[in-house]
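Notes for the one structure printed next.
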Amino acid sequence: MVRWSGAWVLLALPALGGLGCNGPQPIPPRDAHEALLRVNDNIAGLKGALYCSPCLVSFKFTDRDRRAHRFIGHPATLIFAPPRCLYFDIKHTLGGSVARVGSNDERFWLWIEPEVSRMWWGTWADLQMEARRSLPVPPDELLDALMLRPLPERSSASPSPVLRVEGDDYRLLFVRLDESGEARSLREIVLDPFPPYQPLEIIDRLPDGRVLMRASLGHYRQVGRAGPYTARRYVVEWPQDGAEMRLDIQRAKFRLDQPPFCEFPFDPPVRDVERIGAPAPLQNPSLPEKGGLSS
């Protein structure tokens with residue numbers, strides 16, 4: 001029979017405690033900088049074209065005439081390449097596209113063919129809060145909800161984020177200062193204290209505290225053997241706009257041979273085209289000129 005001396009037992013206990021009953025114990029972030037580093041280092045692994053297919057999407061929104069539109073259980077394909085090259089195509093169950101969200105470094109667009117038959121488009125430079133609220137799905141908020149771009153460490157209007165810990169609840173709080181200099185919550189990110197330590201929930205608030213967007217993320221899986229971890233299940237809500245999107249990704253991989261996929265759709269299959277964030281022209285809004293941006 002093997003006997004352990006008291007000294008050996010004392011030396012072994014810390015190592016055994018670190019392993020736990022089911023393997024290594026989680027190491028929660030010590031501060032906001034470490035939490036940001038974990039998330040942004042993971043996102044930095046998104047190199048090349050991330051190809052997600054098959055996917056299943058359900059979404060609903062309310063148009064400007066307060067009419068509700070709902071699309072349930074549609075197949076979809078999502079392709080993304082940093083910094084904001086996006087192709088998100090939602091198909092009809094019988095074939096053909098019912099909606100498409102896209103963007104590149106200059107422009108964003110969204111078109112919905114059945115019932116609405118309209119395309120919204122604009123430039124990132126013109127996308128302001130008032131303009132994005134007229135979109136069924138604001139493109140910048142979609143990129144944030146899907147965790148496809150890094151978290152900012154600070155901005156000119158905001159102090160550095162802070163980490164709030166209450167038991168097993170770890171939250172990154174991004175705040176901004178109001179006119180009186182008082183800190184007001186702008187974004188909360190709930191972090192998983194377990195590997196891979198990525199966001200579980202994103203909550204964006206208006207200055208009065210109302211929820212602008214709430215995104216729940218789950219089922220993280222690694223892309224390939226050494227790639228980043230990406231969520232495979234998303235539920236995104238825009239309570240103020242009566243909009244919601246549910247996305248389930250069954251498979252994600254990098255495609256080195258992916259052809260160009262984020263060209264602006266100059267010939268969308270819709271009846272109406274509307275530019276977002278620019279002064280209204282005297283006649284019906286039109287598409288930009290090929291090879292440059294229209295005014």
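The values are calculated or read from the model by the stated rules, or taken from the named source; none is laboratory data. For clarity, every value in this text was computed on a predicted model and none was experimentally measured. Glycine gets a Cβ as well: all are built from the backbone with ideal geometry, and neighbour counts include every protein chain shown.
Within region 204-259, restricting attention to residues that are under 20 Å from Asp144 (Cβ atoms), of a type in the set (Gly, Ala, Ser) and at pLDDT below 95, which residue is surrounded by the fewest Cβ atoms within 10 Å (Cβ to Cβ)?
Selected residue: Gly209.
Which members of region 145-174 meet the condition of being modelled with pLDDT under 90, within 19 Å of the chain's Cα centre (by Cα) and surrounded by 14 or more Cβ atoms within 10 Å (Cβ to Cβ)?
Glu153 - this is the single residue of region 145-174 that is modelled with pLDDT under 90, within 19 Å of the chain's Cα centre (by Cα) and surrounded by 14 or more Cβ atoms within 10 Å (Cβ to Cβ).
Name the residues in region 134-151 that are part of a loop (DSSP other than H, G, I, E, B) and touching a Ser or Thr at 6+ places or on another chain (Cβ under 8 Å), would you?
Result: Met147, single match.
When residues of region 232-260 are filtered for being closer than 17 Å to Phe59 by Cβ, in contact (Cβ under 8 Å) with a residue 24 or more places away in the chain and either in contact with a Phe, Trp or Tyr (Cβ under 8 Å, 6 or more places away or on another chain) or part of a strand (DSSP E or B) (or both), how many remain?
Of the residues in that region, 13 qualify.
Of a type in the set (Gly, Ala, Ser), over 27 Å from Leu110 (Cα atoms), in contact with a Leu (Cβ under 7 Å, 6 or more places away or on another chain) and surrounded by 14 or more Cβ atoms within 10 Å (Cβ to Cβ) - does that describe any residue in region 182-196?
Yes: region 182-196 contains one or more residues that are of a type in the set (Gly, Ala, Ser), over 27 Å from Leu110 (Cα atoms), in contact with a Leu (Cβ under 7 Å, 6 or more places away or on another chain) and surrounded by 14 or more Cβ atoms within 10 Å (Cβ to Cβ).
Select from region 73-95 the residues that are over 18 Å from Leu135 (Cβ atoms), touching a residue at least 12 places away in the same chain (Cβ under 8 Å) and in a loop (DSSP other than H, G, I, E, B) and list them in ascending order.
Answer for region 73-95, where residues must be over 18 Å from Leu135 (Cβ atoms), touching a residue at least 12 places away in the same chain (Cβ under 8 Å) and in a loop (DSSP other than H, G, I, E, B): Pro82, Pro83, His92, Thr93.
Show the residue pairs meeting these rules: Cβ distance below 7 Å; 6+ apart or different chains; first residue within region 32-45 and within 17 Å of Phe80 (Cβ to Cβ); second residue assigned to a helix (DSSP H, G or I) and of a type in the set (Lys, Arg).
The qualifying pairs do not exist here.
Give me the residue from region 36-72 that is at pLDDT below 95 and of a type in the set (Gly, Ala, Ser) and, out of that set, surrounded by the fewest Cβ atoms within 10 Å (Cβ to Cβ).
Checking each candidate, the answer is Ala68.
Test of understanding: among Arg70, Arg64, Arg100, which residue is part of a loop (DSSP other than H, G, I, E, B) and not acidic (Asp, Glu)?
Only one candidate qualifies: Arg64.
Does Leu212 fit the bill of being among the aliphatic types (A, V, I, L, M), over 16 Å from the mean Cα position of the chain (by Cα) and in a strand (DSSP E or B)?
Numbers: among the aliphatic types (A, V, I, L, M): yes; over 16 Å from the mean Cα position of the chain (by Cα): no; in a strand (DSSP E or B): yes.
Spelling it out, it is not the case that Leu212 is among the aliphatic types (A, V, I, L, M), over 16 Å from the mean Cα position of the chain (by Cα) and in a strand (DSSP E or B).
Taking Pro268 as meeting all but one of (1) surrounded by fewer than 18 Cβ atoms within 10 Å (Cβ to Cβ); (2) part of a loop (DSSP other than H, G, I, E, B), write down the number of the exception.
Pro268 satisfies all of (1) surrounded by fewer than 18 Cβ atoms within 10 Å (Cβ to Cβ); (2) part of a loop (DSSP other than H, G, I, E, B) except (1).
Looking at region 193-231 only, could you name the residues that are of a type in the set (Asp, Glu) and without any contact (Cβ under 8 Å) to a residue 12 or more places away in the chain?
Asp208
Out of Leu50, Leu36, Leu56, report the one residue that is of a type outside the set (Ser, Thr, Tyr) and within 17 Å of Met245 (Cβ to Cβ).
It is Leu56.
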